[in-house]
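Structure record follows, encoded as structure tokens.
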Amino acid sequence: MILNKSGIFEINARNLLCPLPVIRVQDAIKTLPSFTKVKVIATDPGVKYDIPAWCKVHGHSILSIDNVEREIVILIQVGERHER
Amino acid sequence: MNNYKQYKAISLISGGLDSMLATKLILDQGIHVEGINFFTGFCVEGHTHAIRKHDKPKRNNALWVAEQLNIKLHIIDIVEEYKNIVLNPQYGYGAHLNPCLDCKIFMIKKAKEWIKENNFDFIITGEVIGQRPKSQRKETMPLVATASQAHDLLLRPLCAKLLPPTLPERQAWVDREKLGNISGRGRKPQINMAEQFGIKEYAQPAGGCCFLTDEKYTAKLQDLWDTQGKRHYELDDILLLKVGRHLRPKPNFKMIIGREEGENNYLEGYKKQFTYLRVLEYVGPLVLIEGELSAEDLYLAARITARFSGGKTASCVKVQVGRKESDPLELEVKPFSADDIKQEWYI
């Protein structure tokens, strides 16, 4: 995960098949504070379902999903943290 | 003072109906349940759906189940640790290279570690006595609980009434009377239970959720081990075994031939690591080569590649060959006929 010039954390999930992109998102978001924005770039079309499903059950928001040529770009906002 | 404690369980979610029902039975008793799913690299779930363009739905069923039940799902990457289970199973293999009993013990053990780290109280699974010939038998169920060190923190809600009461039952965290008494390979009791819960849609994986139970897949895995001279694999090796046709025309090289656009796109990601071939001027597969090729081998591979392209009946087809650290070259070859492709080349 890198912090890009726009101040958004970026996850490169290109050429990974589900559930690996979801695992990358899950592991990255664990370390981030509430309301941080995270951009995921993937090539597996399965992410269009899997990442929103994972975000939904964990309380994170999908801000956008775009197809850019052969890639899928998903913007996530980390939900509010609650202590277990 | 309120002494009420919210008990918490982790449920092993495969994406199939049984783990969905087991979770529902416990959720309905007021227990807080979260799901856990282990990624071994051999999961049927996800990859095959994702790669092939025409396959649908392109979704991970474990996540779909979590979404339906409105529970969190934690997906745990166990690829590295799992190698030892595949390569050295203490309890041996099933019909193919499936170390089901070792696998079940390992996953329950990981779940036990997870509940300790996350302050959860017990583990649930969708296991049913007699459902699987290797890991879900009356004799092996206590073994799984003991060898995983989960002991009586492991509750199997679908068949709990047929097993000794576990800690959550003895302590009345859950009501044993509301648990199931299902056994055997039939699916009717589960289908009836799904109807009672109003669950209309669920995945019905044919042949289980693991490629290690698949005869064709394990033949390819065995071929990998035989040709590399040792039992070993990396994640990319086992993912590539799921993609394309695998042909070994000669002992020194194997061809992975994309079957359609989705597979070709996936194989594109590996082009820099392999010698690759593709037909120019016709629609055709991307082909990766594993092994070292002589000039003669290259012509053989090019003729096979041409056979699987839109130019298969042409008298001459141009095939591009890309090699690591050198410029691509072009060969002009006559495509093989269907009879030239020997059946024994298929792995």
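The values are calculated or read from the model by the stated rules, or taken from the named source; none is laboratory data. The structure displayed is predicted, hence computed values, not measured ones. Methodologically, a virtual Cβ is constructed for each residue, glycine included, from the backbone with ideal geometry; neighbour enumeration extends over all protein chains shown.
Things to note:
- Pick from region A:17-29, criterion β-branched (Val, Ile, Thr) and closer than 16 Å to A:Ile62 by Cα, ranking: farthest from the other protein chains (Cβ to nearest Cβ): A:Ile29
- Taken over region B:106-137, the criterion of being within 25 Å of the chain's Cα centre (by Cα) and part of a loop (DSSP other than H, G, I, E, B) is satisfied by B:Thr125, B:Gly126, B:Glu127, B:Val128, B:Gly130, B:Gln131, B:Pro133, B:Lys134, B:Ser135, B:Arg137.
- Of all residues in region B:263-310 being small (Gly, Ala, Ser) and buried (at least 19 other Cβ atoms within 10 Å of the Cβ), the one that is nearest to B:Tyr346 (Cα to Cα): B:Ala301
- Residue match in region B:95-115 (condition: at pLDDT 95 or above, closer than 23 Å to B:Pro164 by Cα and within 14 Å of chain A (Cβ to nearest Cβ)): yes
- A:Leu32 vs. criteria more than 8 Å from chain B (Cβ to nearest Cβ), within 15 Å of B:Asp77 (Cβ to Cβ) and either at pLDDT below 95 or in contact with an Asp or Glu (Cβ under 8 Å, 6 or more places away or on another chain) (or both): no
- Leading residue by the ranking (surrounded by the most Cβ atoms within 10 Å (Cβ to Cβ)) among those in region A:35-60 that are more than 11 Å from chain B (Cβ to nearest Cβ) and over 22 Å from B:Asn37 (Cα atoms): A:Val38
Residue-by-condition table, conditions (1) in contact with a Gly (Cβ under 6 Å, 6 or more places away or on another chain); (2) assigned to a helix (DSSP H, G or I); (3) modelled with pLDDT of 95 or more:
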| site | (1), (2), (3) |
| --- | --- |
| A:Ser6 | no, no, no |
| A:Glu10 | no, no, yes |
| A:Leu16 | no, no, no |
| A:Ile23 | no, yes, yes |
| A:Ala53 | no, yes, yes |
| A:Lys56 | no, yes, yes |
| A:Asp66 | no, no, yes |
| A:Val73 | no, no, yes |
| A:Arg84 | no, no, no |
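- Candidate set: region B:138-174, residues that are among the β-branched types (Val, Ile, Thr) and over 23 Å from the mean Cα position of the chain (by Cα); chosen: the one farthest from B:Leu25 (Cα to Cα): B:Thr146
- Top-ranked residue in region B:312-340 [being loosely packed, with under 10 Cβ neighbours inside 10 Å and small (Gly, Ala, Ser); ranked as nearest to B:Gln273 (Cα to Cα)]: B:Ser326
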